Ligand SMILES: [Fe+2]
Ligand SMILES: [Fe+2]
């Protein structure tokens, strides 16, 4: 991301034409109308992260296999999927270890000595594999033997699974627990190593789905708070939970409206704006979230100059964590792929934010955000 930001910035700034497409006036309100921030995707859209991660699917006869890195297996952890090995690239995978047999330290050493980097799971077991990774994510992210980049890929895809389930059933206490655990793991991962942010950013999908948008905003917000010197894990969790769930109110809207690809009418836009209050009310009723988290969900579309919604808050009336989330949310929305316009690249998105709504965002935080992306 740093390369996109720094290398392309100078040349693209001069011939940028997206402004006329995205912005019809200088008010943040118009940004939201012309540029609604995401739609719900289908579960199938999350398919094949494994294939992306370490190779391609292997299809033999009726079975289809996905490669997994041997380093992603946790010694002695319960695993509800069979493991396969592939003797050579032209051969069909053969059973290496049944699900009832634990994967041991000796297994790991033996595979390493033999130079085996990948094992395989069947496509049928893919969901079980991801539950296994999610259950063991804390240990995986602390594993000194695993490369930070691989940890980032596992954490990012786990996050998408968690958010998908959460949007399906936002009142589920299991999903709420999973999202809280995920945010804590993500906050600790970002604190642990400064390469975590750049590796997570490399994994980011800037598509148009609320799921990936939620995860991206959570990562950016946690990283930005840490960049500003906030290391307290409890404070980071309150911020991260708000960022991850900031658009949860969209789960309460008509899915067709949320999935709509074009420019919203005034009436549709008013309906969409309700996601802030709906999300706040939904989470407040659960009694599981702090006032800071709730205020992020309610107020992430407020603007510094009072032109935002739903309450028209301004300046010091907007919590600092809300200001952070407002910036990261806007950036991710602007850099997300739209069906009707190619996503603005990082430099252009930042330029738009600075030029078009300088009074709408906290410029101190905005400067921090730009520096953070430059350093990543
Ligand atoms: Fe959003
Ligand atoms: Fe939103």
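The values are calculated or read from the model by the stated rules, or taken from the named source; none is laboratory data. This structure is a prediction, so every number in the text was calculated from the model and none was measured. When we count neighbours, we look across all protein chains shown, and the Cβ atoms used for this are built from the backbone with ideal geometry, even at glycine.
General observations
- Residue 199 touching a residue at least 40 places away in the same chain (Cβ under 8 Å), away from ligand 1 (no atom under 16 Å from the Cβ) and in a helix (DSSP H, G or I): yes
- Note on the range 290-328: residues that are assigned to a loop (DSSP other than H, G, I, E, B) and under 20 Å from the mean Cα position of the chain (by Cα) total 2.
- As a summary of the residue check, residue 284 satisfies the conditions (1) crowded, with 19+ Cβ neighbours inside 10 Å; (2) part of a helix (DSSP H, G or I) except for the one numbered (1).
- Scanning the range 189-198 for residues that are surrounded by 21 or more Cβ atoms within 10 Å (Cβ to Cβ) and within 14 Å of residue 374 (Cα to Cα) returns a single hit, 197.
- Helices (runs of 4 or more DSSP H) fully within the range 36-138 that include at least 2 residues being at pLDDT 85 or above, in contact with a helix residue (DSSP H, G or I) (Cβ under 9 Å, 6 or more places away or on another chain) and more than 26 Å from residue 190 (Cα to Cα): 105-113.
- Of all residues in the range 139-162, those satisfying the criterion of being in contact with a helix residue (DSSP H, G or I) (Cβ under 7 Å, 6 or more places away or on another chain) and in a loop (DSSP other than H, G, I, E, B) are 145, 146.
- Candidates 220, 289, 227, 260: the one that is on the phi < 0 side of the Ramachandran plot and buried (at least 24 other Cβ atoms within 10 Å of the Cβ) is 220.
- Residue match in the range 303-316 (condition: surrounded by fewer than 18 Cβ atoms within 10 Å (Cβ to Cβ), within 12 Å of ligand 2 (Cβ to nearest atom) and over 20 Å from residue 356 (Cα atoms)): yes
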